[in-house]
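What follows is calculated from the coordinates using simple rules that are stated; it is not laboratory data. All of these numbers come straight from a predicted model, not from anything done at the bench. Every residue, glycine as well, gets a Cβ built from its backbone with ideal geometry; the counts of neighbours run over all protein chains shown.
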Amino acid sequence: MTPPPSPADRMSARIVDNRLRLVREHLEAMQRDVHGLEYDPWKSEVDHLWKKVFEQISLMSEEPQRAALETVRETWTSYIAHYGIRGGE
């Protein structure tokens, strides 16, 4: 039996979930306004949110990390397929 996640891992999981929710909201806005003035700022902000999501996941222990990666997998792969990533930010 696996031990329950530590309080730090539970907090990290909540942070990841909250940031993922923000990512999804931004993606919806980006899809509605692909050629608008807000697209580039939204794209930059989403890139930053993804960076923070993966930084938070890297702080977690192994089992909670796997669960968090599974949680973000679908949204992440869709994001990369449609929008790519910018380097150097």
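A few points about this structure:
- Rounded to 10°, Cα long-axis angle of helix 7-32 versus longest principal axis of the chain: 20 degrees
- Average Cα contact separation per residue, the chain, under 8 Å, 6 or more apart, as relative contact order %: 38 percent
- In the chain, a dipole from Cβ-located charges (positive for Lys and Arg, negative for Asp and Glu) runs towards its positive end, and of PRO64, VAL53, GLN31 it is PRO64 whose Cα lies farthest in that direction.
- Over the residues of the chain, the helix contribution to mean residue ellipticity at 222 nm works out to -27000 deg cm²/dmol, using -39500 (n - 2.57) for each DSSP H run of at least 4.
- For the stretch 25-89: rounded, prolate or oblate by the Cα gyration tensor [a/c cutoff 1.5]: prolate
- Most mobile listed residue (ASP33, ASP47, ASP17) in the chain, GNM with C-alpha springs under 10 Å: ASP33
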